Amino acid sequence: MTNPAAALDAQEALIAAARAARALAYAPYSRFAVGAAVLDEQGRIHAGCNVENAAYPQGWCAETSALAALVAAGGRRVLAVAVCAVAAEPVTPCGGCRQKIREFAADDCPIYVADAHTLVASFTLGQLLPCSFGPAHLARP
Ligand code: THU
């Protein structure tokens, strides 16, 4: 995307989708609601929230939900990610979710971190998951 105004619109739409998904989070145990959204190769946005479980380890993150929505819609590339949560510090994807994002995204994929009101931090996937393992490593030499 070369038009800066359009890029800003896309970023805002992605954050808005993550924020809207956060409002639907099922987090009765941690009470820590998270929303996430991913932009696919067709310009579509897929969003999801965290879904907790009475058997605590069975819960999953908002980013995982958003990626599942991407794949179920036929998306195969992630061009940008937004995460929305309210905390004392910017909430970046957990380690497991960083790897899950890595499956579909390049090192330069932006990861926007927002709170209830605004963008609070911005990273690339490569910053959050350096020297990562990915699909290309499974190619037979
Ligand atoms: N969580 C997410 O959904 N995404 C993150 O990036 C960090 C953590 C969820 C998992 C759990 O439901 C709650 O936040 C507290 O860890």
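General observations
- The listed residues 49, 109 rank as 49, 109 when sorted by accessible area, largest first, using a 1.4 Å probe.
- Per the Kirkwood formula applied to alpha carbons, region 4-127 shows a radius of gyration over Rh ratio, Rg over Rh, of 0.94.
- Selection of GluC sites (Glu not before Pro), region 41-82, meeting DSSP coil and at most 16 other Cβ within 10 Å: 41
- Along its principal axes, region 62-101 has C-alpha extents of 36, 17, 16 angstrom, given from the largest down.
- Of the whole protein surface, residue 45 contributes about 70 Å² of accessible area at a 1.4 Å probe radius.
- Looking at the chain alone, DSSP beta bridges between its own residues are antiparallel in about 75 percent of cases.
- Given a 1.4 Å probe and the protein chains as shown, residue 9 ends up with an accessible area of around 100 Å².
- Between 65, 30, 122, the GNM of the chain built on Cα springs shorter than 10 angstrom shows 30 fluctuating the most.
- For region 112-141 and region 43-79, distance of Cα centres in Å: 15
- Spacing of the modelled spin labels on residue 137 and residue 86, each 7 Å from Cα toward Cβ, amounts to 3.8 nm.
- The trypsin sites (Lys or Arg not before Pro) of region 12-80 that DSSP puts in a loop, and whose beta carbon has at most 15 other beta carbons within 10 Å, are 31, 44, 76, 77.
- Heavy atoms of residue 124: accessible area, 1.4 Å probe, square angstrom to 10: 50
The values are calculated or read from the model by the stated rules, or taken from the named source; none is laboratory data. Because the structure is predicted, anything quoted here is derived from the model rather than measured. Note that each Cβ is placed from the backbone with ideal geometry, even for glycine, and that neighbours are counted across all protein chains shown. Each accessible area value is taken on the protein alone, full model and side chains, heavy atoms only, with ligands, DNA and RNA left out. Shrake-Rupley method; radii C 1.70, N 1.55, O 1.52, S 1.80 Å.
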